[in-house]
Structure formats: structure tokens, C-alpha cells
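The values are calculated or read from the model by the stated rules, or taken from the named source; none is laboratory data. Please read these numbers as outputs of a predicted model, since none were measured by experiment. So basically every Cβ, Gly included, is an ideal-geometry build from the backbone, and we count neighbours across all protein chains shown. In case anyone asks, the SASA skips ligands and DNA or RNA and just uses the protein heavy atoms, side chains included. Shrake-Rupley method; radii C 1.70, N 1.55, O 1.52, S 1.80 Å.
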Amino acid sequence: QNFIKGTLNKLREARRLIDDSGCSIRLEVDGGVKIDNIRAIAEAGADTFVAGSAIFNTPDYRATLAALRAELAKANN
């Protein structure tokens, strides 16, 4: 499944509602999370990511995970 860019606004709104509630709630995105969009997804407020095909459809899982983590490290910096 591809990630729908319009979802970023929904993520921002969900994050705002979660933060305003004062509750400890994880905000997960499952579907279309890839190296080229994980940073934007994190910056929109997600803190949990499912990136199955982004990892398993590559020849080097370790390198892909490292690239995903590197993009996450750039979020909100």
C-alpha cells in the first residue's frame, strides 16, 4: 500500500489531539512507510512505524534499516 501524502495533515491533527489529552498514546503509521517519507511522517507526529515492504523488498535489510533510522534522526532537527 502506498502512503497517501494527504495523511500528513491527519497525523498532525491526531498528534495535537493526543498531546492535548495528556495521555501517553503511540501514533503508528502502517502502510507506505519508506526511506523517502519516514522523516515527514515523523515530523507530522507519528512515533511508531511499520515498514515491512520497505525493508523486505530490498537486498540488504541492515542497510535499509540504517537508512530509515538515519532519516528518523533528522526529524525535527
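Hey, rough spin-label estimate for K10 and A73, points 7 angstrom out along Cα→Cβ, what's it come to in nanometres?
Here the modelled spin labels are 3.2 nm apart.
With a ≥ b ≥ c the root eigenvalues of the C-alpha gyration tensor of region 33-77, is it rounded (a/c under 1.5), prolate (a/b larger than b/c) or oblate?
Details: a/c = 2.72, a/b = 1.72, b/c = 1.59.
The shape class here is prolate.
What whole-number value in Å² describes the accessible area per residue of the chain for a 1.4 Å probe?
On a per-residue basis, 68 Å².
Give me the angle, in degrees from 0 to 90, between the Cα long axis of helix 61-74 and the longest principal axis of the Cα atoms of the chain, rounded to the nearest 10.
40
Using Cα pairs closer than 8 Å and at least 6 residues apart in sequence, work out the relative contact order for the chain, in percent.
Relative contact order for the chain comes out at 32 percent.
Can you tell me the order of 33-45, 3-15 when each peptide is scored by its average per-residue count of other Cβ atoms within 10 angstrom, highest first?
Descending mean neighbour count gives 33-45, 3-15.
Could you tell me how many cubic angstrom of Cα convex hull volume the chain has per residue?
So the per-residue Cα hull volume is 86 Å³.
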